[in-house]
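The structure under discussion appears below in the form of structure tokens.
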Amino acid sequence: MPITVPAYGKEAAGRLASMADVTADDGALRRFLHGLPGVDAVGLQARAATLGTRSIKTTAKAYAIDLAISMIDLTTLEGADTPGKVRALCAKGVHPDPTDRTAPKVAAICVYPDMVATAKEALAGSGIHVASVATAFPAGRAALPVKLADTRDAVAAGADEIDMVIDRGAFLSGRYLSVFEEIKQVKEACVRPDGSAAHLKVIFETGELETYDNVRRVSWLAMLAGADFIKTSTGKVAVNATPPVTLLMLEAVRDFHTATGIQVGVKPAGGIRTTKDAIKYLVMVNETLGEPWLTADWFRFGASSLLNDLLMQRQKLGTGRYSGPDYVTVD
């Protein structure tokens, strides 16, 4: 079903408009981004570690497992993807545990643009969104017209969400306004003829950004450009989502909401494989942003292998014993 990007309220729109001078030119944007408070790396890592030690009791764990399942973007992004593989993944997204129809559905199925139509057909009537990577994923090394065409093709095929990658080379060389304008143009390419739009998730590839300060800067840059979600990684590099980086992005979202009244989602992706890890991230969301962000509308996991562990832990809570990996479907 079509997703309409929520209209900003008058107060929020006014607050964002009041920040227009921040992006007026490259110099103004640079001054703003470099004027953000520096990140205390030791303090950030310590807080992330502390949040990861919270004790979760059985009832809360059962709730957290179902919540985490409902937040997963179940993904296949391989050169060998086939329509059959995509349809099978869609079937798993609708009924993650074939032996227990009470298991929640996942949030979205994420595929390459040429598989969007297949996923859309397979998911018809399910309420699960179709997400598509675009803008020359995962490297982002393509001319802007190619990236925009990639986005428009995916949206025309029925994508509800677009996961774009920023030009890390431009960002690291200090061409902030270039990155800002590219995000804005991709967001415009997400708009359908009827005025509704696919939600835009902006991927930073934080493992390539070198410093925590850069993560804070790019988070603000993307949100100022209109990102609906900010996302850590493509899952295609050695270092993907980490608790400290995700916590830093959650804090940036909190501060942006305080400044503008605009709510932005967060998606850690890559390297989150166990139920214990997922619960640690949910604790971070709750402690940093609060209950309004504890829904699939505002927080996602880009971690397909996580689903099987969540299902095994769910079965353990229900039966008192571990079923093992043979009792869940292989992606």
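The values are calculated or read from the model by the stated rules, or taken from the named source; none is laboratory data. Fair warning: this is a prediction, and the values are worked out from it, not measured in the lab. With ideal geometry, Cβ positions are generated from the backbone for all residues, glycine too; neighbour counts draw on all protein chains shown. Surface areas here come from the heavy atoms of the whole protein model, side chains and all, with no ligands, DNA or RNA. Shrake-Rupley method; radii C 1.70, N 1.55, O 1.52, S 1.80 Å.
Observations on the structure shown:
- Options Ile128, Ile162; residue that is aliphatic (A, V, I, L, M), under 30 Å from Leu317 (Cβ atoms) and either over 17 Å from the mean Cα position of the chain (by Cα) or surrounded by 20 or more Cβ atoms within 10 Å (Cβ to Cβ) (or both): Ile128
- When residues in the range 167-219 are screened for being outside any helix (DSSP H, G or I) and either among the aliphatic types (A, V, I, L, M) or more than 18 Å from Val237 (Cβ to Cβ) (or both), 17 of them pass.
- Condition check for Pro243: over 20 Å from Leu177 (Cα atoms) and either more than 16 Å from the chain's Cα centre (by Cα) or open to solvent by 40 Å² or more (accessible area, probe 1.4 Å) (or both): yes
- Per-region count, the range 220-275, residues free of Cβ contacts under 8 Å to residues at least 24 places away in the same chain and assigned to a loop (DSSP other than H, G, I, E, B): 0
- Residue in the range 289-306 that is open to solvent by less than 20 Å² (accessible area, probe 1.4 Å), over 30 Å from Pro98 (Cβ atoms) and not in a loop (DSSP other than H, G, I, E, B) present: yes
- Taking residues in the range 119-137 that are at positive phi, and partners anywhere that are part of a helix (DSSP H, G or I) and open to solvent by less than 30 Å² (accessible area, probe 1.4 Å), the pairs with Cβ atoms closer than 7 Å and at least 6 places apart or on different chains are Thr135/Lys147; Thr135/Thr151; Thr135/Val186; Ala136/Lys147.
- The set of residues from the range 37-90 being in contact with a Cys (Cβ under 8 Å, 6 or more places away or on another chain) and of a type in the set (S, T, N, Q) comprises Thr75, Thr76.
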